[in-house]
Amino acid sequence: MADDEEILQSGKPDAKIPPIPMAGKKTSSAIHFISGSDDAAVKKAASALATKLAPGADAFGLEIIDGAVETVDAAIARTREAMQSLATMPFLGGTKLVWLKSAAFLADSVAGRSENVITVVEQLCDLLDEGLPDGVTFLLSAPGADKRRSAYKRLSKAGSTVLHDKPSLGFGAGEEEIINWTMQQVRARGLKFSADAIEVLAARVGLDSAQLHSELDKIETAFGPGHPIGERDVRDLVPATRESGVFDIGNAISARNLPLALETLDQLFYQGEKGVGILLASIVPTVRNLLLAKSLLIRHKLRPPAEANYFGGTLAKLPPEETDFLPRKKDGTLNAYGLGIAAKSSVHYSLEELQRAFHGCADANLQLITSQGAEDVVLTRLLIGFMGRPTAGI
């Protein structure tokens, strides 16, 4: 036994593991592999499965090996610890679950690319291919495991495999695609969200499916099925992030909702955001889009779209010289949805007001970078300056 321990602690990838007794081998139904790009969903699913496989298990019935390590030596040690545990028969002939938890070294990382780590993980796969003794079950959870690796393919075939990947919306995915995906999830649950509520939810959750369903559970519990859910309801129940705050202040400017804009501005400063960041990440792009859309509508005598996604067809009919300078997405195509939102919201401002607002943004930027006044005062004055003016006669 001392020799075995000495081998296991050596950290050498070619160290030998005591063979698993061949009598009474189980089938691959005793092996469970959970992975995917959605880290939160992988961890939640693995915990739930571990509870199901070893309900009320004590220290002899459940062995958890923490695979959330970053170094090569630690990755080798954790893998060998799992192999040693699999090679040990259950206590007094009972059952045992071995859980290699959150194996970070299966991802495309420094440790994951190490030849020594790759070798020892392949040895684990060899051991699993031989089969496990009666009473031994293996659970491996590995968020973000590299699907290109041989070990990933072998583990996927060794037993039951469950993947939890974040939705892939393509390289050109933007705000519209995320909102549409969120809408699909909401409708699949039969919940009644307003369009504005879905936009706020999408901004606050993004593509984190685990958080999305957690927030939907919370909202459904609070209001019950079939109850209409509005924008304010989502703001009250779903926690704000920096990204959602940037969305909220832009949305408030578009709707000419000064109280919401000032409330969001205070929240962003409370979270430690800088004035220049708020100005350039949200206020300037929103005002710019409103100004561009308003100008296009006036010069081409167009009606504001009933829905933001209708504006793409209108832009396609314009000559190239009218669209070459418009904002674009990552894939180089026009950000038609963002401009559609601006075109729809531009009815709240006159062209002259938006022109003054854009110049006001330039003045505010100069004040912020030259420290001419407190950041919160500069941006508060800016918002009040162009949002608080009368809208009559627009």
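Any read-out appearing in this document is the output of simple, stated calculations on the displayed coordinates, not a laboratory observation. This one's a predicted model, so the numbers in the text were calculated from it and none came from an experiment. Ideal geometry is used to build each Cβ from the backbone, glycine not excepted, and the neighbour counts take in all protein chains shown.
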**OP:** Hey, can you grab everything whose amide H is under 5 Å from the amide H of F193? Only 5+ residues off in sequence or another chain; H modelled, so Pro and N-termini drop out.
**Re:** I229
Original post:
Do the sum for the chain: with -39,500 (n - 2.57) for every DSSP H run of n ≥ 4, divided by all residues, what is the mean residue ellipticity at 222 nm, to the nearest 500 deg cm²/dmol?
Top reply: -16000 deg cm²/dmol
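Hey, what did the chain get for relative contact order, percent, Cα under 8 Å, at least 6 apart?
On the way: 564 pairs, mean separation 57.4, N = 394.
Worked out over the chain, it gives 15 percent.
Of the chain, which part is the longest with no chymotrypsin sites (Phe, Trp or Tyr not before Pro) in a loop (DSSP not H, G, I, E, B) and with at most 16 other C-beta atoms within 10 angstrom? If you can, show how the numbers build up before the last one.
Working: sites that count: F60, F171, F325.
Result for the longest clean stretch: 172-324.
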Original post:
With a ≥ b ≥ c the root eigenvalues of the C-alpha gyration tensor of the range 175-237, is it rounded (a/c under 1.5), prolate (a/b larger than b/c) or oblate?
Top reply: rounded
Original post:
Got the relative contact order for the range 243-387 handy, in percent, Cα pairs under 8 Å and 6 or more residues apart?
Top reply: 32 percent
Original post:
Cα axis of helix 39-53 to longest principal axis of the chain: angle in degrees, 0 to 90, nearest 10?
Top reply: 40 degrees
Original post:
Using bins 10 angstrom wide from zero, how does P(r) for the chain break down, in % of all Cα pairs?
Top reply: 4, 18, 21, 17, 15, 13, 8, 3, 0
Original post:
Which whole-number percentage describes the relative contact order of the range 33-134, with Cα contacts under 8 Å and a sequence gap of 6 or more?
Top reply: 30 percent
Original post:
Tell me which aspartates and glutamates have Cα within less than 15 Å of K166's Cα, excluding those fewer than 8 residues away on the same chain?
Top reply: D38, D39, D146, E177, D208
**OP:** Work out from phi, with θ = phi - 60° and the Karplus expression 6.51 cos²θ - 1.76 cosθ + 1.60, the ³J(HN,Hα) of each residue of the range 120-128, listed in order in whole Hz, and give x for Gly and Pro.
**Re:** 6, 5, 5, 5, 4, 5, 4, 4, 5
Subject >> the range 243-387 pair-distance distribution - Cα-Cα, 10 Å bins, rounded % >> reply: 11, 42, 32, 13, 2
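Mind checking the range 182-239 for trypsin sites (Lys or Arg not before Pro) that DSSP puts in a loop (not H, G, I, E or B) and that have at most 16 other Cβ atoms within 10 Å?
On the way: sites: R187, R189, K192, R204, K218, R232, R235; in loops: R189.
Passing sites in the range 182-239 are R189.
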**OP:** Give, rounded to the nearest 20 debye, the magnitude of the charge dipole that the chain has about its Cα centre when Lys and Arg contribute +1 at Cβ and Asp and Glu contribute -1 at Cβ.
**Re:** 1260 debye
**OP:** Return the percentage of antiparallel bridges among DSSP beta bridges fully within the chain, rounded to the nearest 5 %.
**Re:** 10 percent
Original post:
Where a Cα-Cα gap under 17 Å defines reach, which lysines qualify for K52, not counting those fewer than 8 residues away within the same chain?
Top reply: K43, K44, K96, K101
